[in-house]
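Student: Have a look at this one before I ask anything.
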Amino acid sequence: MFKKIFVVFFLLFFVIGCSTQRQQGRVSIIDSASRSHIKTTLTLADFKAFAENITMEMLDDPEIIAWGDRKPKLIVGDLENNTSNDNLRVEDIYKHIRRVIKRSGIARIVHKSATDFDYIIRTVITSNTQHDRATGIKQVSYSLSLEMTSVDGELIGDWADDLKLGRSARKFF
């Protein structure tokens, strides 16, 4: 008798456990270039993808391609963090942008203390967090922008990449 009751309860719990739908972490990327996340914070893969995407967009610009073999001197300024997270790995993004430009061979990277250069690149990362109280959804939008100006202050180009992360409401049952 005890065995039968145990088997019935076991099967009941097994069926109930298998029938509930669970979404691990409840975080999804609201972007077609999907990278998995558990939290609504940026990962190292995001930093690299941000730097890669924005730098490649810059290198594909017709005005940059028109440089040809000239190879001007560039200063890549420090990345400005305008997010609510002071712990972002901005140095990783900065270094990856420099690395991609250097490997492309389109320009020469000079130290930010140099006095002889042709262009300055300024990078900024921003975020915007929105909470929907009705649905409990949290959405964080990150944007990385890159702006290139000449020594005279003329805007040469402005490029941006965005990533949106969404987190669904917590389910208690």
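FYI, it's all coordinate maths here, none of it is from the lab. Just so it is clear, the model here is predicted, and its values are computed rather than measured. Neighbour counts run over all protein chains shown; Cβ positions are idealised from the backbone, glycine included.
Student: Can you list the aspartates and glutamates whose alpha carbon sits under 19 Å from that of Lys112, skipping same-chain ones fewer than 8 residues off?
Tutor: Straight-line reach from Lys112, under 19 Å: Asp78, Glu80, Glu91, Asp92, Glu147, Asp152, Glu154.
Student: Could you calculate the contour length gain from Arg122 to Arg99, that is, 0.36 nm times the residue separation minus the distance between their Cα atoms, to one decimal place in nm?
Tutor: Here the segment from Arg122 to Arg99 would lengthen by 6.7 nm.
Student: Let me ask something additional. Mind giving me the FRET efficiency for Met56 and Ser150? R0 is 30 Å, r the Cβ-Cβ distance, nearest 0.05 is fine.
Tutor: For Met56 and Ser150, the calculated efficiency is 0.90.
Student: By how many nm would the segment from Lys73 to Ile5 grow when fully extended, if each residue of separation counts as 0.36 nm and the alpha-carbon distance is taken off?
Tutor: Extra length from Lys73 to Ile5 when fully extended: 16.5 nm.
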